[in-house]
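The values are calculated or read from the model by the stated rules, or taken from the named source; none is laboratory data. Predicted model only: the values in this text are computed from it and were never measured. Ligands, DNA and RNA are stripped out before the accessible areas are found, and what is left, the full protein with its side chains, is counted by its heavy atoms. Shrake-Rupley method; radii C 1.70, N 1.55, O 1.52, S 1.80 Å.
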Amino acid sequence: MPGPTPAAEVMAGAEPFSFPGGPGPEGRTGVLLVHGFTGTPMSMRPWGEALAAEGFAVRCPLLPGHGTRWQDCNTCTHDQWTATVEGAFDELAAGCDRVFVAGLSMGGTLATRLAEVRPDDVAGLLLVNPALLTQRLDAKLLPLLARVTPSWAPIASDIRKSGVTELAYRKLPTRAMMQLRGLWAATRADLGRVTAPVVVFRSVEDHVVEPVNSTILLAGVGSADTTEVLLENSFHVATLDNDAPLIFARSAEWIRERVPADQPDVSAADRR
């Protein structure tokens, strides 16, 4: 009798990562990073390294079904994705005074969902091209496609910068995409429960997520503090694109502006 199927090996470069914060527990601020659908922590690592260099504690989990084989994604549910994000948040929060959550694409959806279900815990949201729906014509066929084929054309590596490739699946797992649609619907329905400050970095030209996603999110959240930053020189995976330095610098600045004055974080420059 054959034994259980062995777990697929994680692709090199797709591993989760974490970085410690500045010296001492007092005043420590954490940032949880969440990658996108069919993507991996590779797309978030430069952002994580930039935040860590500024003294923030950083963690980025690998979402279930990602970073191995696209077939694995089809066996996962959106509840597993949200549980992984919540678990990583709690691990980071255990050593921090406050935790901000940052996400790319579906990572932005998951970050927003966490802020909906735990509004008193999330210190702020930093979202890059967050997704809440799609207007693609082929998406209307998704329920049928998911029944007749396990995969479809990929959505990875929408990057303007020459020579940069995202580490992501080369096929779109259709059954996992149905799970993502369920996550979108739940997140859209509860946007008003988000009370944390929100900054959205939106690419002017994005071939994966339409601009209406950011419009709906910013109009729907219950936050009094919302900001939109336009990215003029990047496509969807902006954390690996030409505007990445802008995202990194503005996000560190944005977080510091929202850290209590009596508990300042120590920047890399201040520590030297």
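Quick notes on this one:
- Solvent-accessible area of Arg118 with every protein chain in place, 1.4 Å probe, in Å² to the nearest 10: 40 Å²
- Rounded accessible area of Thr215 (nearest 10 Å², 1.4 Å probe): 90 Å²
- Proximity of backbone amide H atoms, modeled 1.01 Å from N, is registered between Leu231 and Arg202, Ser203, Val204 at under 5 Å, excluding neighbours fewer than 5 places apart on the same chain.
- Stokes-Einstein D in µm²/s, Kirkwood radius over Cα pairs - the range 17-257 at 37 °C with 0.692 mPa s viscosity: 186 µm²/s
- Accessible-area value, Asp90, 1.4 Å probe, nucleic acids and ligands omitted, Å²: 70 Å²
- Residue order for Val85, Val164 - accessible surface, 1.4 angstrom probe, largest first: Val164, Val85
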